[in-house]
Each structure stands twice: as structure tokens, then as C-alpha cells.
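K.L.:
Starting off with a structure, shown below.
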Ligand SMILES: *Cc1c(COP(=O)(O)O)cnc(C)c1O
């Protein structure tokens, strides 16, 4: 029978949610949800209150990312996974190149490779825990890579590869957006979902799109290619411009997201969030380095994500038993990515997570490991 070890209250984090997605939601966001009753929640998304909410989120995202002139913020239903299919229909002209160094990068590569109207994608891969970047190649019109690979905890910088001509750069910012530094002009399309750094719920995608991406979307839409309406980025663009979505959005998700953006912008925007996430990351990685039974999974320090840390454990420290004890103490979701199947923990350090709580988590783990190893 499992006998939980009780971690002393003074060691425990104030909030025990360290999931890599969905992530911790702050209490103030729930207050915003309560305040949205009855004037926003339960009202028509075709009327001003919800349209204004969508407009607020779009304009706060432009401010947060300091988007260059001509860029637009669009949204649609279905989350980042749906965006991959939408991109296969609406962004890739003939052939994409993907840099894939984990599950999420691979999934997008699979989506464009399977699309019957496209040539098989060129896929550059790297072992989990390392990274690979896109590189100029003949015949490629779209270069795609993740900013942060959530499955492994590896991040790269978003920089347009040299010598790619007028090809588009399409970057998955699902776990990076709102927690890592971004120079928006390096990506023609930077897409993400609200359930990670934006501490909201899943089911919607957002994208910052450049004038070149808008031109591509409109050209493909006019070309006669069959595009399901729910996956048409041209339709999403038209609707987004008037703060609408093709079909009903999750209004509560948008309320939670606006509240998180308000908090981020009031704190100082991108500098504020990146300071918080790098504080958290520093304490996790320094801790792992100083423990004989723990080590960062990503070997190259500059690629160690500051929003999702994967820590490998020595065999004698069983991750699943450790997590069982943590969960019994209210510390949840430090699970490794299921398909990696390694003896690891993975810690979500999105901006909503207090860096002090991340330190408390490491102290709580120390407390358990001392007892589990004797
Ligand atoms: C979570 C995640 C996704 C999937 O997002 P959904 O909104 O659940 O489809 C895609 N890419 C990355 C990098 C992610 O972290």
C-alpha cells in the first residue's frame, strides 16, 4: 500500500500546479471571470461585449509582442493542433521544411506531409534533448519550427534563416509565447494557444501574421485549392479583422486570457515575463546541477527552456513514485512527456508560476528524495 510521505508545510510551494499545459491559472483571472457575469458570459459573440473582448485580446497581443507595422493578430477555434491543419491548407504553397526536435515539431511535419495537395515535406530532425534549426533548401516555400519544444524542454531563438528568399517562416509559439523573448519580425507566422503562458484554457489558436503571410493566405484562397471553411486562414483573417470567429468561441477562455494579458502588461510586458521565467529556470537548473541524482535533459545550456524544464533522474530515484508522493502533497503535473518514456520530471515555469514556488518545489523534492533513498 502507498503510504504518502508528508512534506512539511514550510517547504511546500504556495501553489502546487507545475503543469506544462494546461498551466496554472491565477486567482485574479478567476475574479475576472466572475466579473464577466452577467454582461459578457452567456451573451452573444456577435454583439459588442464579446467583440470588444476579442478586440482587447488582439490589441493587447499586438502591444505585448510589439508587432511590426502591417502585422495582424488573428484567431480561430481549435487550438494549435487545428492550426497545423489550417497551415497545411492555407499557408504552404507546395513544400514545407520542418525542423523537428520533439513530439510537437513532428506532429506539424506529419500534417503537411500527409496533405495530398502538397509535396512530401523535408524534415530535419534531432534527438530529443537536442535541437535542429531550419536551413535554406531549394523548392521550399515554408520553413516551420517550434520556438519551444514542450515535450523535451528545449528552446531555440526565433531567427529567420539566411538565404530563404521570400519563403515564409512559421513558428510554433504555443508554449513559448508570453514566456520567452520574441522579435516578432523574425516570423511571418507566430502561432500559439492560450493554455500555457497565457494561463487560460485550450481550444483557440492565435497567430501574429506578416504582410507576406497575408498575401500568401489570400493568394492560396483565390487559387481554387479546396480548403474546408473551418481550416481557412482567409476566413479567419476576415473574421478576426472584425473581432469575430467563424463559429462560437469559448468566451470564458478569452476572459481568462485578457486578465492574464492585463497582468503581464501592467508588470512591464515581455521584460517582466522573461525575467520571471528566467528566475524560475535558473533555480531549477542550478538545483539539478548540484544534485548527484538529477541532471538537465537538454545538454546545451543555451537550449534549456526557461518555461519547461525537463530533469532526468538517476535510476534509484523513481520518477513515478516521486510524483505520486508530490501529488499526495498537492504538487501536481510534473510528469515527463508520456511518449518519451524516460525517468524524468518536467516542470512548467510559465509566468503565472511564482519563481519562489519553483524554489519551494526543489526543496520539496529534496525532502522526498532524502527519505525515498534510505
Ligand atoms: C501544447 C502544444 C501544442 C498543442 O496545443 P493544442 O492547443 O493542445 O493543440 C502544440 N505545440 C506546442 C509546442 C505545444 O506546447
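The values are calculated or read from the model by the stated rules, or taken from the named source; none is laboratory data. What you are looking at is a predicted structure, and each value in this text was computed from that prediction instead of being measured. Glycine also receives a Cβ, built like all others from the backbone with ideal geometry; neighbour counts cover every protein chain displayed.
K.L.:
Out of the residues in the stretch 62-83 that are within 16 Å of the ligand (Cβ to nearest atom) and over 14 Å from residue 232 (Cβ atoms), which is surrounded by the fewest Cβ atoms within 10 Å (Cβ to Cβ)?
P.N.:
Residues of the stretch 62-83 within 16 Å of the ligand (Cβ to nearest atom): 74-83.
Those left that are additionally over 14 Å from residue 232 (Cβ atoms): 79-81.
Values: 79: 19, 80: 25, 81: 16.
The selected residue is 81.
K.L.:
Among the candidates 271, 315, which residue alone is more than 26 Å from residue 199 (Cβ to Cβ), loosely packed, with under 15 Cβ neighbours inside 10 Å and modelled with pLDDT of 95 or more? Give the derivation first.
P.N.:
Numbers: 271 fails: more than 26 Å from residue 199 (Cβ to Cβ).
Answer to the check: 315.
K.L.:
Here's a follow-up. When you go through 310, 277, 299 one by one, which is the residue that is buried (at least 20 other Cβ atoms within 10 Å of the Cβ) and more than 23 Å from residue 7 (Cα to Cα)? Show your work before the answer.
P.N.:
Details: 310 fails: more than 23 Å from residue 7 (Cα to Cα); 299 fails: buried (at least 20 other Cβ atoms within 10 Å of the Cβ).
Result of the check over 310, 277, 299: 277.
The rows are residues; the columns are (1) buried (at least 23 other Cβ atoms within 10 Å of the Cβ); (2) near the ligand (Cβ under 10 Å from one of its atoms); (3) within 27 Å of residue 297 (Cα to Cα).
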residue	(1), (2), (3)
104	no, yes, yes
113	no, no, no
121	yes, no, no
136	no, no, no
143	yes, no, yes
146	yes, yes, yes
162	no, no, no
191	yes, yes, yes
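K.L.:
A further question on this structure: Confirm whether residue 22 is surrounded by 14 or more Cβ atoms within 10 Å (Cβ to Cβ), more than 20 Å from residue 265 (Cβ to Cβ) and under 21 Å from the mean Cα position of the chain (by Cα). Full working, then the answer.
P.N.:
Values: surrounded by 14 or more Cβ atoms within 10 Å (Cβ to Cβ): yes; more than 20 Å from residue 265 (Cβ to Cβ): yes; under 21 Å from the mean Cα position of the chain (by Cα): yes.
Spelling it out, residue 22 is indeed surrounded by 14 or more Cβ atoms within 10 Å (Cβ to Cβ), more than 20 Å from residue 265 (Cβ to Cβ) and under 21 Å from the mean Cα position of the chain (by Cα).
K.L.:
Out of 261, 246, I need the residue that is part of a loop (DSSP other than H, G, I, E, B) and not assigned by TED's automatic domain parsing to the domain that holds residue 307. Which one?
P.N.:
246
K.L.:
Going by what's in this entry, would residue 54 be described as away from the ligand (no atom under 16 Å from the Cβ), surrounded by 15 or more Cβ atoms within 10 Å (Cβ to Cβ) and at pLDDT 95 or above?
P.N.:
Values: away from the ligand (no atom under 16 Å from the Cβ): yes; surrounded by 15 or more Cβ atoms within 10 Å (Cβ to Cβ): yes; at pLDDT 95 or above: yes.
For residue 54, the condition - away from the ligand (no atom under 16 Å from the Cβ), surrounded by 15 or more Cβ atoms within 10 Å (Cβ to Cβ) and at pLDDT 95 or above - is met.
K.L.:
Taking the residues in the stretch 174-189 that are under 21 Å from residue 76 (Cα atoms) and surrounded by 24 or more Cβ atoms within 10 Å (Cβ to Cβ) as candidates, determine which candidate is farthest from the ligand (Cβ to nearest atom). Quick ask: steps written out before the conclusion?
P.N.:
Just the residues of the stretch 174-189 that are under 21 Å from residue 76 (Cα atoms), to begin with: 174-178, 184, 187-189.
If we keep only those that are surrounded by 24 or more Cβ atoms within 10 Å (Cβ to Cβ) as well, we get 174-178, 187-189.
Values: 174: 3, 175: 4, 176: 7, 177: 10, 178: 12, 187: 14, 188: 18, 189: 14 Å.
Per the criteria, the residue is 188.
K.L.:
Condition first: loosely packed, with under 15 Cβ neighbours inside 10 Å and under 15 Å from residue 92 (Cβ atoms). Now tell me which residues in the stretch 202-217 satisfy that. Outline the logic, then answer.
P.N.:
Step one: of the stretch 202-217, the residues loosely packed, with under 15 Cβ neighbours inside 10 Å are 211, 215.
The answer is 215, and nothing else.
K.L.:
Among the residues of the stretch 84-107, which ones are touching a helix residue (DSSP H, G or I) at 6+ places or on another chain (Cβ under 9 Å) and in a helix (DSSP H, G or I)?
P.N.:
The answer is 84, 85, 86, 87, 88, 89, 90, 103, 104, 107.
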